[in-house]
Each structure stands twice: as C-alpha cells, then as structure tokens.
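The values are calculated or read from the model by the stated rules, or taken from the named source; none is laboratory data. Just so it is clear, the structure is predicted and the values come from calculations on it, not from any experiment. Virtual Cβ from ideal backbone geometry, glycine too; neighbours counted across all protein chains shown. Surface areas here come from the heavy atoms of the whole protein model, side chains and all, with no ligands, DNA or RNA. Shrake-Rupley method; radii C 1.70, N 1.55, O 1.52, S 1.80 Å.
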Amino acid sequence: MRRNIRINNYVLIITALISIGHQFADASPLGFPPLPFIRGGSATTATKTRTTKQQHQRQRRQRKTGGPIPGPLKLVGNVKQGLDKIGGNIQNDWKKISKGMQTVQGNIGKFVVNIPKALPFLPPRKRQLKCSKLDDVCKTFSACLKGSEVDTAQLIKACRAHLIFMKSGGSSLRLVAKDLESNLQKAEKPFKKSPKQGKTLSSLLVSEREAGIHQGNVLKEQSAAMGLLWIRRSLAFQLDLYSSLIAQNGPHPRDAAYEAYSKHLSPFHGWALRKVFPASLSQMPGRQAFIAKFGGVSLEELNDEYDREIVKKLKALVAAWDPLINTWEKDFARLDLEDMRKV
C-alpha cells in the first residue's frame, strides 16, 4: 500500500515538473511567467524593463541551442545522456570480457591437447579388454576338479557360464550352444532333486544307475547321464577348435571345426545331423574375428597386444578342460555308461 502511494507521488512530481517546463518558453529569465504586481504592476511593464543586453544574450543562447531548453528538462536530458554513456561503456566492457574468456578457453584447450606432447614419457591410455565372460568360464571350469573327483554343482555352474560365452561367439556356434543348453537342462533337473547324492559326478551317475533308469549302457533320454555324456563330447569338440586358435599361423577355424567334428561328434550323429551340423560350421569366421569376439573388441581394434592377452586366456581354458574331460570320460567308462548309439 505504501509502495503504491510513493509511486503515485513520484508520478505527480514528474507531471508537475513537465508542466512547469512548458512555461519556460516564456520570456522570464528563470522560466516563470511575468507577474503583474512587480515593477509597474503589469506584464507589459515588466517586459519593457529588461535591458537590451539581456535580450541579446538570450537570443544568442537560442541560436546556439535551437531554442530555449527548460531547466528541469535539460537536467533530465543530461541524466539520460549520462545513463546512455554508462550503458554503452558496460556493453563495450562486456564485449571485451567475453572476447577474453574465449581466448582463455582456447588457450586451455590447446594446453590440454599438447600435454601428451609435452610429457612424452607418459604411456598412451590403454583400453581395457571386455573379457569378463571368458574370464568367468576359465575361473569356473578351473574349480571343477577336486583331486580325482568332479564337483557336480561347480560343473553345472561352469557350463552355464560357458553357454553365455558361446552365445557371444556369433552365429557359427549357435547350433553348438543350443545343443549344450538342451543337454544342460537334462543334467540339472536330477541334480536339483537330490544334490547330496549327486555331489560328485561319479556319485550322480551311480545314483541313476542304481535307480535302474538305464538299460546297461543304453541311457534314458531324460537323464543326467545322457545330458552329461553329450556335454562332454561338445566340450571335447570345442577344446580342439579353441586349441587351433592359439597359434596365429594355424589352420582356418572352419577347417579345425570340421576336423574336431569328425573326431568327437560325427561318429554319434545320424544322417540328418551329419548334414546340418557341418553346414553350420561352414559359417566359421577367420581366426582374428574369433579372437576379437572373445576379447570383446572390434576387429579394427584388435592388435598384437590384445591378441596375446586373449590367447593367454584361451590357453588357460584349454588347460582346465583337458584333465577335466579325461576324468569325466573315465567315470563313464568305469560305470559302463558310454552310450554309443547315434542320434
């Protein structure tokens, strides 16, 4: 309320000043209208008493300024000119500040870019390999063999990790991965029903044989023994394939896959699978494409250093598989559960 009254008072004062200013065009030296009660009592008398010198001075000022300017209006004009000048100076200063900031930013950018040149002893930043899937497979399979026994729970866990790893290897291993997943489900179901009886691979196989679900070495289709039999054959096939990738001048992965298939899988495949499986293997990419996928880098990013690091991990996986598969094979042979039928 008080603020509105104050603003109204200011408006009245400014309006009064402007109104008074319009009177300054008159002949009074101070801008006031002639008063009849001063020097003779009339406006005409007051005007005539002015000296010729004062009139000449007023005329000269009018010629210079283009006309009389009321005092308050002149003050307002001077204030406006001063504010315009201050505003102009602020704009100029801001332009200079902005230009200076751009210069500083440009210098900082040049400095950051030139840091590696100024410090040549700093090694270039190395991208970390995304080998987490391969690392998980190596770690889990390395923990499967406990002396002369195979830990069933750890083996199933390792096969699950390997399934994820195989799916990252591209379409050429898709059929192998699908076969592994199907057989892994067969092994998991009986083990989950009685994990204590199937703590080791041999105890799981013995429990199924004693339950009478097999007919000699003719295994029940939906049994842990059948699933584990085909998982072992699949891993033996992959062991030979991955071993061929270790040497840079080794055979093409497609040729190594054909040879491994003929040795480990083909003797147990019927006519249909012997047509389908090799056809899927024909899509095998070159060695470098395999290595890049296993390492989680693009083919363009693959270099000698990355190649050596990925091959080192593959060597560790092959080294973990070899004694595991041998123990696995001996358990089936000892219990006479090696089913030789074709599918």
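Filter segment 231-269 down to the residues that are aromatic (F, W, Y) and either within 23 Å of C159 (Cβ to Cβ) or in contact with a Cys (Cβ under 7 Å, 6 or more places away or on another chain) (or both), then identify the one that is surrounded by the most Cβ atoms within 10 Å (Cβ to Cβ).
Restricting to residues being aromatic (F, W, Y) and either within 23 Å of C159 (Cβ to Cβ) or in contact with a Cys (Cβ under 7 Å, 6 or more places away or on another chain) (or both), the top hit is F237.
Among the listed residues K133, K178, which satisfies the condition of being without any contact (Cβ under 8 Å) to a residue 12 or more places away in the chain and closer than 15 Å to Q238 by Cβ?
Answer to the check: K178.
Hey, can you tell me all the residues within segment 195-235 that are closer than 21 Å to S182 by Cα, under 47 Å from the mean Cα position of the chain (by Cα) and of a type in the set (D, E, K, R)?
E221, R232, R233
Run down L175, L122, L184 and say which single residue is in contact with a helix residue (DSSP H, G or I) (Cβ under 7 Å, 6 or more places away or on another chain), modelled with pLDDT under 90 and closer than 24 Å to H269 by Cβ.
L175
In the list K167, K196, K139, which residue meets the criterion of being within 23 Å of S223 (Cβ to Cβ) and of a type in the set (K, R)?
Step by step, each of K167, K196, K139 is checked, and only K196 is within 23 Å of S223 (Cβ to Cβ) and of a type in the set (K, R).
Can you confirm whether P285 is outside any helix (DSSP H, G or I) and at pLDDT below 95?
Answer is yes for this residue.
Does N326 satisfy being open to solvent by 30 Å² or more (accessible area, probe 1.4 Å) and either modelled with pLDDT under 95 or assigned to a loop (DSSP other than H, G, I, E, B) (or both)?
no
Could you count how many residues in segment 297-307 are within 18 Å of K167 (Cα to Cα) and open to solvent by less than 30 Å² (accessible area, probe 1.4 Å)?
Result for segment 297-307: 1.
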